[in-house]
Structures are given as C-alpha cells and as structure tokens.
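For reference, the structure is listed below as structure tokens.
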Amino acid sequence: GPLLERPLMEVRLGELHTWISTCDFSPQGLLGAVQKAWNSYYTKYINVRRGGPAGISMLLAGYCLLSYSWNFQHFKRHRWRKYH
C-alpha cells in the first residue's frame, strides 16, 4: 500500500525518512496517533476473550517507570543533601 498508510514496523529503513516526512506533527495529528496507538494496544492486550494479565501488567510497569523517572531528580537531590 501507500507509504503513508503503512505502520512503522512495515517501513523499510531506506523509506524511513520519507515516511517520517509524511507524518502529521500538528496537535491534532499527534492526538490521532496517540488514540490509534491506544486503540491498537487495547484491542491486542486488554479487550480479548482469553486475555491474561500481560496487558494490565505492562500498564502498571509503564506507570512505575514513568513515575520513577518523574521523581528521579527529587530522589537524587534528597539523597545528596542527606549525605553532604
């Protein structure tokens, strides 16, 4: 199919620059991309007939990593003040 309609995993390395230049980086385009990614994730891992704990586990692990990265600077400053 057309390069614009292909998902990232189906784009060849030589076509990557052209594929990126066809992407819509406006706020609406980015919001649409996030919604499409969420719908795809939800359909594949959460909304399945015989689903296991994989989908929810990935969400929780992602939340833990994101939360730690947001607070990392606070932890780093707090530890430095404690020992110095």
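The values are calculated or read from the model by the stated rules, or taken from the named source; none is laboratory data. Worth saying up front: this structure is predicted, and the values here are computed from it rather than measured. Counting neighbours? That spans all protein chains shown, and the Cβs are built from the backbone with ideal geometry, glycine included. Note: areas computed on protein heavy atoms with side chains; ligands, DNA, RNA excluded. Shrake-Rupley method; radii C 1.70, N 1.55, O 1.52, S 1.80 Å.
Any idea how many residues of segment 25-42 are over 14 Å from the mean Cα position of the chain (by Cα) and either in contact (Cβ under 8 Å) with a residue 24 or more places away in the chain or open to solvent by less than 90 Å² (accessible area, probe 1.4 Å) (or both)? Result for segment 25-42: 2. Only residues that are more than 15 Å from the chain's Cα centre (by Cα) and either part of a helix (DSSP H, G or I) or surrounded by fewer than 12 Cβ atoms within 10 Å (Cβ to Cβ) (or both) were counted across segment 44-55, and they come to 7. With respect to the conditions (1) part of a helix (DSSP H, G or I); (2) open to solvent by 80 Å² or more (accessible area, probe 1.4 Å); (3) at pLDDT 85 or above, Gly62 falls short on a single one, namely (2).
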